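The values are calculated or read from the model by the stated rules, or taken from the named source; none is laboratory data. Fair warning: this is a prediction, and the values are worked out from it, not measured in the lab. Cβ sites come from the backbone with ideal geometry, for glycine too, and all protein chains shown count toward neighbours. Please note that ligands, DNA and RNA were not included when accessible areas were found on the heavy atoms of the full protein model with its side chains. Shrake-Rupley method; radii C 1.70, N 1.55, O 1.52, S 1.80 Å.
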Amino acid sequence: MTPSNHFMKNQVSQKKSGKQSPRNTEPDKNRTIWLFLVPLGLLILLQVFVFPAMEMKEMNYSEFYRKLVANPETGEILSCELVDNVIHGKLITGSFFTVHIPINDLEIIPLMRRNIVDFSVSPPQTFWKNLIYSVMPVLLLIGFFWFFVYRGMQQGGNRVFSFGKSRAKLVGKEKSPITFKDVAGVDEAKEELQEIIEFLKDPQRFTRLGGKIPKGVLLMGPPGTGKTLLAKAVAGEAAVPFFSISGSDFVEMFVGVGAARVRDLFEQAKRAAKTGGKGAIIFVDEIDAVGRQRFAGIGGGHDEREQTLNALLVEMDGFDTHAGVILIASTNRPDVLDPALLRPGRFDRQVVIERPDIKGREEILRVHSRTVKLAAEVDLAKLARQTPGFSGADLANLINEAALLSARRKKDAVAQPELEESIERVMVGPERRSRVISKREKRIKAVHESGHAIVALFTPNLDPVHKISIIPRGYGIGGYTLQVPDEDRNLITRKELLDRIMVLLGGRVAEEIYFGEISSGASDDLEKATHYAQAMVCELGMSEKLGNLTFGKKDRQVFLGRDLMREKDYSEQTAVLIDNEVRSIVDGCYARARDLITEHQDKLRTLADALLEKEVLESDEIRQLVGLPVQEPATNDQPKTDEGPAT
């Protein structure tokens with residue numbers, strides 16, 4: 001075929017495709033008819049009810065009676081029509097009028113019959129009014145139904161009746177540019193998910209020894225640790241169809257809709273797996289919205305959610321399972337999930353994604369700083385040491401806050417001071433320098449924070465003091481003493497817990513020694529100290545009198561760190577002993593802190609005076625003020641981490 005013939009063929013095909021079929025033009029014709037009928041109906045209504053009323057002048061009864069009596073001589077009234085108790089008439093001037101007459105007036109009709117030549121009586125015209133009043137609501141309802149339902153069906157492809165259709169989105173490489181190179185600090189989870197993708201790409205590599213493809217992978221962990229980011233990386237790496245949906249998309253007010261959507265989702269995945277020949281992946285974010293434990297006698301049941309969960313259980317491992325369809329789900333509430341959902345055969349793998357260690361934090365900082373212009377002196381390893389307990393989302397927010405802070409200060413690159421200040425912004429909020437504080441309150445805060453620092457500095461084996469500030473930050477934070485550990489630790493000894501309680505009580509002790517009275521500034525410190533003491537007695541078996549026992553069963557949100565309730569499983573006598581032991585621990589630490597601060601009272605005053613003058617003191621300056629040698633900067637080597645369960 002020559003180029004010219006090919007061009008002509010394209011032109012003909014375009015003309016053919018541009019021609020509309022009669023079926024496609026039918027909605028346009030209906031729309032045109034409606035657009036014509038609606039204005040016509042409005043015009044008729046206006047003509048019947050509005051325009052005549054606008055033209056007629058209403059005349060009072062006394063004036064009409066005078067004109068009627070004098071009409072044989074004047075001839076002012078040309079004609080009248082009586083309809084019910086209303087008279088419509090025409091004057092000699094050509095204007096129209098209406099008059100309401102009393103029903104019991106027996107003289108007016110004979111008088112009109114004698115004095116008006118053109119006089120008639122007509123029955124009330126109620127037919128059209130009654131017809132309109134009765135038919136109009138029906139017409140409006142039909143119009144509403146046509147506009148919102150029929151028109152929606154024509155334009156949206158039967159969207160109104162698609163409640164049971166899945167809302168999952170098919171995600172590919174072009175829609176998810178994130179890959180496993182953009183995920184750091186969760187190496188074990190990456191290996192698990194990479195193996196799933198490799199299984200789908202080359203199943204013979206794994207099945208030659210009799211292995212079977214996992215049906216489900218559950219990602220569990222605290223908020224912000226990268227569960228959804230891992231799913232995005234799977235979507236970017238997978239060479240198979242990837243369907244993404246939220247757990248809340250299954251929940252509707254109509255019973256059965258969620259179950260229908262689950263079935264439709266797996267049907268879509270099954271068709272995609274057959275078409276591609278390599279399987280498919282379904283990702284359900286926040287699966288706890290639909291996978292909560294079924295009714296167990298507490299809080300009532302939820303028929304819609306339970307039916308949806310039942311459908312999900314059957315699709316994952318029932319009589320009619322779909323080979324090659326893998327379900328990946330994420331949640332930070334595994335404690336509320338139904339046991340039938342968690343068993344092997346449905347979620348064969350349960351991957352816990354914890355907060356990253358120091359090495360993982362450094363890798364995450366490097367990933368998120370790729371698109372940020374950093375100064376040459378930036379030490380990401382130092383930042384990783386200063387951010388224990390930070391999640392991946394916290395570290396990403398840290399880098400972003402530092403970039404914004406540098407731009408606000410009109411710097412050419414993000415430097416180390418902005419990054420370190422962003423740590424404090426993420427932890428305790430931005431500074432509130434505009435807040436007006438009296439001199440007395442400012443001195444109380446300086447003494448309080450100095451008390452924390454003195455106890456931390458002169459107690460062996462405690463985390464070093466990194467910074468002291470009396471500048472208000474965030475919500476209700478008047479000042480803070482920041483301690484940064486040299487290494488990540490998963491175990492803590494009894495002595496270390498007692499030393500931490502001492503540091504917490506140091507602020508209250510300093511106020512009592514310096515001013516001879518105490519303030520309300522130690523409320524949060526007392527709450528934390530009491531919590532530590534209760535944990536030592538009731539959970540860790542660190543009480544000398546009560547021994548190696550635990551007391552009270554907690555209903556705890558595993559990854560959210562909240563205790564819902566504590567079940568009391570001990571006697572009243574034991575409860576008294578627990579209270580006495582908690583008080584004994586706190587009082588003992590208070591006495592030790594008091595002795596330590598009394599011994600270094602001169603250093604307390606020096607530190608408080610410096611805080612009043614500068615408001616913020618860094619680590620080296622703090623140690624010089626109290627007469628301690630300046631610490632050497634830590635190396636970038638990975639410190640050793642004790643292995644074991646977190647307390």
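Brief remarks on what is shown
- The condition (being of a type in the set (A, V, I, L, M), under 18 Å from residue 120 (Cβ atoms), in contact with a helix residue (DSSP H, G or I) (Cβ under 6 Å, 6 or more places away or on another chain) and surrounded by 15 or more Cβ atoms within 10 Å (Cβ to Cβ)) is satisfied by just one residue among 78, 68: 68.
- Considering only residues in the range 584-598 that are in contact (Cβ under 8 Å) with a residue 12 or more places away in the chain and not aliphatic (A, V, I, L, M), the one that is nearest to residue 626 (Cα to Cα) turns out to be 598.
- Meets criteria (modelled with pLDDT under 70, assigned to a helix (DSSP H, G or I) and of a type outside the set (Val, Ile, Thr)) for residue 45: no
- Failed condition for residue 122, given (1) modelled with pLDDT of 85 or more; (2) open to solvent by less than 40 Å² (accessible area, probe 1.4 Å); (3) not acidic (Asp, Glu): (1)
- Residue in the range 564-572 that is modelled with pLDDT of 85 or more and either surrounded by fewer than 19 Cβ atoms within 10 Å (Cβ to Cβ) or within 32 Å of the chain's Cα centre (by Cα) (or both) present: yes
- The residue pairs whose first member lies in the range 456-475 and is touching a residue at least 12 places away in the same chain (Cβ under 8 Å), whose second member is among the aromatic types (Phe, Trp, Tyr), and whose beta carbons are closer than 7 Å, counting only pairs six or more residues apart or on different chains, are 469/480.
- On the stretch given as the range 341-361, residues that are open to solvent by 10 Å² or more (accessible area, probe 1.4 Å), touching a residue at least 40 places away in the same chain (Cβ under 8 Å) and closer than 18 Å to residue 312 by Cβ total 6.
- Tallying residues that are touching a residue at least 12 places away in the same chain (Cβ under 8 Å) and either in contact with a helix residue (DSSP H, G or I) (Cβ under 7 Å, 6 or more places away or on another chain) or assigned to a helix (DSSP H, G or I) (or both) within the range 428-440 yields 1.
- Conditions (1) modelled with pLDDT under 85; (2) buried (at least 17 other Cβ atoms within 10 Å of the Cβ); number of the one not met by residue 217: (1)
- With respect to the conditions (1) under 22 Å from residue 607 (Cα atoms); (2) of a type outside the set (Val, Ile, Thr); (3) open to solvent by 70 Å² or more (accessible area, probe 1.4 Å); (4) touching a residue at least 24 places away in the same chain (Cβ under 8 Å), residue 486 falls short on a single one, namely (1).
- Residue 257 at pLDDT below 85, open to solvent by less than 60 Å² (accessible area, probe 1.4 Å) and farther than 30 Å from residue 182 by Cβ: yes
- Among (1) over 25 Å from residue 353 (Cα atoms); (2) assigned to a helix (DSSP H, G or I); (3) modelled with pLDDT of 90 or more; (4) open to solvent by 10 Å² or more (accessible area, probe 1.4 Å) - the single one residue 397 does not satisfy: (1)
- Unique match (being in contact with a Ser or Thr (Cβ under 9 Å, 6 or more places away or on another chain) and either modelled with pLDDT of 90 or more or open to solvent by less than 20 Å² (accessible area, probe 1.4 Å) (or both)) among 630, 576, 537: 537
- Checklist (1) open to solvent by less than 10 Å² (accessible area, probe 1.4 Å); (2) in a helix (DSSP H, G or I) applied to residue 364, failing item: (1)
- Enumeration of residues in the range 351-380 that are within 17 Å of residue 391 (Cα to Cα) and touching a strand residue (DSSP E or B) at 6+ places or on another chain (Cβ under 9 Å): 351, 352, 353, 369, 380
- Restricting attention to the range 367-394 and to residues that are outside any helix (DSSP H, G or I), within 23 Å of residue 482 (Cα to Cα) and touching a residue at least 40 places away in the same chain (Cβ under 8 Å), the residue that is least open to solvent (accessible area, probe 1.4 Å) turns out to be 391.
- For the range 412-452, a residue qualifies if it is aliphatic (A, V, I, L, M) and open to solvent by 80 Å² or more (accessible area, probe 1.4 Å), and the qualifying residues are 427, 436.
- Residue in the range 444-480 that is farthest from the chain's Cα centre (by Cα), counting only those that are over 16 Å from residue 431 (Cβ atoms) and in a strand (DSSP E or B): 465
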